[in-house]
1. Pick from region 1-27 the residues that are surrounded by fewer than 19 Cβ atoms within 10 Å (Cβ to Cβ) and among the hydroxyl-bearing types (S, T, Y): which of them is nearest to L179 (Cα to Cα)?
2. Here is a check on your reading of the model: is T51 among the polar types (S, T, N, Q), touching a strand residue (DSSP E or B) at 6+ places or on another chain (Cβ under 6 Å), closer than 19 Å to D132 by Cα and open to solvent by 30 Å² or more (accessible area, probe 1.4 Å)?
3. Checking I58 against (1) at positive phi; (2) open to solvent by less than 50 Å² (accessible area, probe 1.4 Å), which single condition isn't satisfied?
4. Which of the residues spanning region 189-239 are open to solvent by less than 50 Å² (accessible area, probe 1.4 Å), touching a Phe, Trp or Tyr at 6+ places or on another chain (Cβ under 8 Å) and not in a helix (DSSP H, G or I)?
5. Within the set of pairs 6 or more residues apart or between chains, which connect a residue that is basic (K, R) inside region 57-76 to a residue that is surrounded by 15 or more Cβ atoms within 10 Å (Cβ to Cβ) and not in a loop (DSSP other than H, G, I, E, B) with Cβ atoms less than 8 Å apart?
6. D168 fails exactly one of the following numbered conditions: (1) free of Cβ contacts under 8 Å to residues at least 60 places away in the same chain; (2) crowded, with 16+ Cβ neighbours inside 10 Å; (3) under 20 Å from R52 (Cα atoms). What is the number of that condition?
7. For region 63-76, does any single residue satisfy the condition of being touching a strand residue (DSSP E or B) at 6+ places or on another chain (Cβ under 6 Å), open to solvent by less than 70 Å² (accessible area, probe 1.4 Å) and of a type outside the set (V, I, T)?
8. Tally the residues that are over 18 Å from the mean Cα position of the chain (by Cα) and surrounded by 15 or more Cβ atoms within 10 Å (Cβ to Cβ), restricting the search to region 82-107.
Amino acid sequence: MLYDTPAAWASAPEKHVLLFGMSGLGKTFVSNRLRESGNWFHYSVDYRIGTRYMGEHIVDNFKREAMQVPFLRDLLMSDSIYIGSNITLENLSPVSTYLGKPGNPALGGVPIDEYRLRQAQFRRAEIAALQDTAHFIDRAKALYGYPHFVCDSGGSICEWVDAEDPEDPLLRDLSAVTLLVWIKGDAAHTEELIRRFDRDPKPMAYQPEFLDRVWAEYLAQNRMAPEAVDPDAFIRWTYAQALAHRQPRYAAMAQNWGVTVEADDIARMRDAADFEALIADALGNRSSSA
């Protein structure tokens with residue numbers, strides 16, 4: 001690992017970390033706190049996806065919808081209006097809106113073949129954005145003079161890697177330039193995430209094999225044709241399974257490539273000094289259990 005002991009971490013003049021774990025457990029909260037300290041550069045993988053790797057797909061989807069409205073179609077065809085995506089660090093909804101939910105188009109769903117295509121686009125985009133981490137570490141230092149760097153990764157990072165493979169190319173490259181930090185929730189956090197998701201179900205990215213399995217199971221259990229699926233009902237039904245699917249994958253990433261911090265400790269974090277102390281403790285715990 002980039003820092004293998006608390007002393008190595010404490011004495012490092014440049015601290016680089018990558019946060020991973022389920023959305024809603026504090027990755028962006030930590031990143032914002034660190035950025036506010038003035039010495040940390042915040043690299044948002046989701047923001048990079050939306051602005052660099054999926055921006056054209058997102059805007060084309062906006063235009064496709066606008067072309068169905070005669071008034072807007074005429075303005076678009078005459079170059080009288082401009083349609084863009086206003087993605088910010090605080091508002092990444094254009095990415096999830098494009099990703100969509102599979103099911104009945106009349107209920108806001110996306111046909112399953114199109115949904116699979118968008119999932120594949122997102123997978124390529126997320127991997128590319130993660131591979132940009134080293135570039136942004138160099139860029140943050142060269143352009144802005146930031147000594148420290150936090151990569152705020154997406155919840156689906158675990159879907160695209162094999163943490164048991166010591167030669168996994170993405171994890172190998174990321175661990176060479178950052179310390180991978182799992183923000184781990186407990187059973188109470190999981191229950192709260194499920195309740196929160198049930199109130200406001202949001203699109204997610206899934207490993208293709210997992211998506212194929214849960215989609216087939218949902219259709220079979222409900223004796224339903226793909227075009228009849230309620231999109232929100234499907235992703236609500238899938239969410240708890242997705243959490244269970246991801247948990248061991250996160251754990252393997254932390255065990256083999258990084259360290260673990262508890263979500264409750266993260267929630268109590270006040271500033272960069274608190275975060276640095278948490279990481280030192282996590283490195284100490286790893287060393288003592290080795």
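The values are calculated or read from the model by the stated rules, or taken from the named source; none is laboratory data. Predicted model only: the values in this text are computed from it and were never measured. We place every Cβ from the backbone using ideal geometry, glycine too, and count neighbours over all the protein chains shown. Keep in mind that these areas ignore ligands, DNA and RNA; they rest on the heavy atoms of the full protein, side chains included. Shrake-Rupley method; radii C 1.70, N 1.55, O 1.52, S 1.80 Å.
1. Taking the candidates together, the pick is T5.
2. On the way: among the polar types (S, T, N, Q): yes; touching a strand residue (DSSP E or B) at 6+ places or on another chain (Cβ under 6 Å): no; closer than 19 Å to D132 by Cα: yes; open to solvent by 30 Å² or more (accessible area, probe 1.4 Å): yes.
Criteria not met by T51.
3. (1)
4. P201, M204, A205, Q207, V229
5. From residues that are basic (K, R), the pairs are K63/L76; R73/A66.
6. The number of the failed condition is (3).
7. The first filter runs over region 63-76 and keeps only residues touching a strand residue (DSSP E or B) at 6+ places or on another chain (Cβ under 6 Å), leaving none.
No, that holds for no residue.
8. Summing the residues that are over 18 Å from the mean Cα position of the chain (by Cα) and surrounded by 15 or more Cβ atoms within 10 Å (Cβ to Cβ) in region 82-107 gives 4.
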